[in-house]
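Student: Sending over a structure as structure tokens; questions will come in a sec.
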Amino acid sequence: MQNLITTSDFTNEEILSLFDDAKIFSDLQTRPILKGKLIVPLFFENSTRTRSSFEIAAKRLGADVVSLDVGTSSRSKGETIFDTVANICAMKPDLIVIRHSQRGLPQSLVEHVSCPIVNAGDGENAHPTQALLDLFTILEHFDSKVKGKKLAIVGDVKTSRVASSNASLLPRFGIEPIFVAPKHFQVADTKLRQYEFLSEIIDELDIVMSLRTQLERHSQIYYASLQEYAKDYCITKKCFGKRDILLLHPGPVNRNVDIDDEMLEDKRNKILKQVQNGVAVRMAILKKLLLQN
Ligand code: ASP
């Protein structure tokens, strides 16, 4: 039985064959190949996009989805996560999707469950399905010719699970991730190139991935207001100029903080394409784990 806890659970070959399926699914039409399968999303942390993306992916493949409001029910009654999951497992789901603020929690559940688990984000650790949909979007945009492409991940790279998942996945496909962050958001022990300002590196770049500042994970206040951060890190037309750079963001975008209004209208921005691809890639992941092929 296979799980998806981090992107290293899949080989490059498996990822490329997953993407072959995602291409077929990319019209997001209904294909009921998972009829009779029961998927249980357990979101202990807020989510709009990822949760609905998984649910739509499951329903487009004909699976049943039973969402439990775990955030407000079991925990408030004093139940541990392990007991909540044991109870869910006793109801025999075919697959569990889990998001939790605690790093490593999905991995620690693996041996306690009898069905595949998909990590939909564990604290600042990993967000494998986001990195896979990002890679799929990049491959699609560059017609699979991505070797040697350079991508700057801009913003709160230190506490972003999207940054860490992309930093480990993209180099496997020949893409160089480069971190661009204010000093207090920089990663201490990275092998990646790291810069303070986008202007230092912009001429080398093929892709920019802007990030949201992960305020919920900060133990101290770095900026009096996000407008102060935006002065140096908001992606604007002025900083992109006429360069042919693909602009990505995992969402939710803080408008005029992460990316300004004008760049959100710019045709280099492929954020909604990421959202669409996210459903197709998750359909392919559900198919892979539930049909084990
Ligand atoms: N949606 C992404 C995540 O869950 C990015 C973010 O929240 O900033 O990590």
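Student: What is the set of long-range amide H partners of residue 209 at a cut-off below 5 Å, with H atoms built 1.01 Å from backbone N?
Tutor: Correct list: 152, 153, 154, 248.
Student: If the cut-off is 19 Å between C-alpha atoms, which aspartates and glutamates fall inside it for residue 37, apart from same-chain ones fewer than 8 positions away?
Tutor: Within reach: 21, 55, 64, 94.
Student: Once the Cα atoms of segment 1-150 are picked out, what are the Rg and Dmax in Å?
Tutor: 16.1, 52
Student: With only Lys, Arg, Asp and Glu charged, each at its Cβ (+1 for the first two, -1 for the last two), find how big the charge dipole of the chain is about the Cα centre; round to the nearest 20 debye.
Tutor: Computed about the Cα centre, the dipole is about 420 debye.
Student: Filter the chymotrypsin sites (Phe, Trp or Tyr not before Pro) in segment 168-212 to those in DSSP coil with at most 14 other Cβ atoms within 10 Å of their Cβ, and list the result.
Tutor: 197
Student: How big is the charge dipole of segment 30-159 about its Cα centre, in debye rounded to the nearest 20, if each Lys and Arg gets +1 on its Cβ and each Asp and Glu gets -1 on its Cβ?
Tutor: That gives segment 30-159 a dipole magnitude of about 440 debye.
Student: Among the listed pairs 59/231; 92/273; 149/231; 238/288, which are separated by more than 32 Å between their Cα atoms?
Tutor: Table pairs above 32 Å Cα-Cα are 59/231; 92/273; 238/288.
Student: Can I ask one more? Given 272, 182, 62, which one lies farthest toward the positive end of the charge dipole of the chain, if we put +1 on the Cβ of every Lys and Arg and -1 on the Cβ of every Asp and Glu?
Tutor: It is 62, whose Cα lies furthest towards the positive end.
Student: Still on this structure, I have one more. Taking the mean number of other Cβ atoms within 10 Å as a proxy for protection, how do you rank 84-91, 133-140 from highest to lowest?
Tutor: The packing order, highest mean first, is 133-140, 84-91.
Student: In addition: Hey, could you pull the Cα Rg and Dmax for segment 135-293, both in Å?
Tutor: In Å, with Rg to one decimal and Dmax whole: 15.8, 51.
Student: Now for a separate question. Helix 128-141 against the longest principal axis of the chain: what's the angle in degrees, Cα atoms only, rounded to the nearest 10?
Tutor: 50
Student: I'd like the Karplus ³J(HN,Hα) series for segment 98-115: coefficients 6.51, -1.76, 1.60, θ = phi - 60°, whole numbers in Hz, and an x wherever there's a Gly or Pro.
Tutor: 10, 10, 8, 6, 8, 4, x, 4, x, 4, 6, 8, 3, 7, 9, 10, 10, 9
Student: Something else about it: As a test of the formula, what do you get for the chain when each DSSP H run with n ≥ 4 contributes -39,500 (n - 2.57) and the sum is divided by the residue count, at 222 nm and rounded to the nearest 500 deg cm²/dmol?
Tutor: Estimated from H runs of four or more residues: -10500 deg cm²/dmol.
Student: Sticking with this structure for a sec: I need the fraction of alpha carbon pairs in the chain separated by more than 24 Å, rounded to a whole percent.
Tutor: Values: 21645 of 42778 pairs.
Result: 51 percent of Cα pairs exceed 24 Å.
Student: Along the charge dipole of the chain, which of 10, 125, 290 sits closest to the positive end, that is, farthest toward it, with unit charges on the beta carbon of Lys, Arg, Asp and Glu (+1, +1, -1, -1)?
Tutor: Selected residue: 290.
Student: In segment 117-187, what trypsin sites (Lys or Arg not before Pro) fall in a loop by DSSP, with at most 14 other Cβ atoms inside 10 Å? Numbers along the way, then the final one.
Tutor: Working: sites: 145, 147, 149, 150, 158, 161, 172, 183; in loops: 145, 147, 149, 158.
Passing both the DSSP loop test and the Cβ count: 145, 147.
Only the coordinates and a few stated rules stand behind these numbers; no lab work does. Predicted model, so just to flag it, every value in this text is computed and none were measured. Glycine also receives a Cβ, built like all others from the backbone with ideal geometry; neighbour counts cover every protein chain displayed.
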